[in-house]
Amino acid sequence: MDLPDDLVLPLQRGAPWWYWSGGRPALNFVNTLRERWRRQVETLVTDEDLAAWLVAAQLLAEAPPVPAGLLERARELREGINAGLVAVIDGEPVPEAARAVITREMRHAAVPDELIRDAVGALAVRPVTPLEPAEYGLGLVAHDAARMFTPAEAGRIRVCASDTCSGRFFDRSPAAVRRYCSPTACGNVEKARRHRRRRREQEQTS
Ligand SMILES: [Zn+2]
């Protein structure tokens, strides 16, 4: 997915530029640093961005308070996941630093269950409300990344094949042959680009 060329950088707020082609929380999160091949556009600009992203990603029901330092930890986790996926795609092991940051953050995803009485008096088992919901939400992202790097799933991590995208996505196609983060956006842009390139080559040789 491409960004406009005339974007004023750095962004003041990231929310208008989020996209959701990653196919899972860990990769949608990595994609909050956009255009990694060129301008490195940061879309987790403020604490409010992080809170709003966790809601938009459907990890939390409402925007949480963001404790001091969590935005930096979030970006560190994001770049750890990215380092891991770049290594996996190159056929290398996930770097130790990436494993360490993922396991540090995923601990916060573990909350005990409680037995509650719902509005009509029926009993229900559900996770307790976490004390630091923002940290919990980030923990869910880390937990998803941890699962993604296990051998059963790691082979489906992809970087979009469009020259101008760099979006990361999880390939759930049955034959594991998907090439673009968005077949309609990036796939069509790339097809048109190839077509123009071929026409230019034909014109030069004729
Ligand atoms: Zn793409």
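A few points about this structure:
- Residues in the range 3-30 that are within 22 Å of ALA146 (Cα to Cα) and touching an Asp or Glu at 6+ places or on another chain (Cβ under 6 Å): 3 in all.
- The residue pairs whose first member lies in the range 176-188 and is over 15 Å from LEU27 (Cα atoms), whose second member is near the ligand (Cβ under 9 Å from one of its atoms) and open to solvent by 40 Å² or more (accessible area, probe 1.4 Å), and whose beta carbons are closer than 7 Å, counting only pairs six or more residues apart or on different chains, are ALA185/MET1; CYS186/MET1.
- Those residues of the range 1-39 which are open to solvent by 20 Å² or more (accessible area, probe 1.4 Å) and away from the ligand (no atom under 16 Å from the Cβ), in sequence order: ASP5, ASP6, LEU7, VAL8, LEU9, PRO10, GLN12, ARG13, ALA15, PRO16, PRO25
The values are calculated or read from the model by the stated rules, or taken from the named source; none is laboratory data. It should be emphasised that the depicted structure is a prediction, and the values quoted were computed from it without experimental measurement. Backbone-built Cβ (ideal geometry, glycine too); neighbour counts: all protein chains shown. Just so you know, the surface numbers come from the protein's heavy atoms only, side chains and all, with ligands and any DNA or RNA stripped out. Shrake-Rupley method; radii C 1.70, N 1.55, O 1.52, S 1.80 Å.
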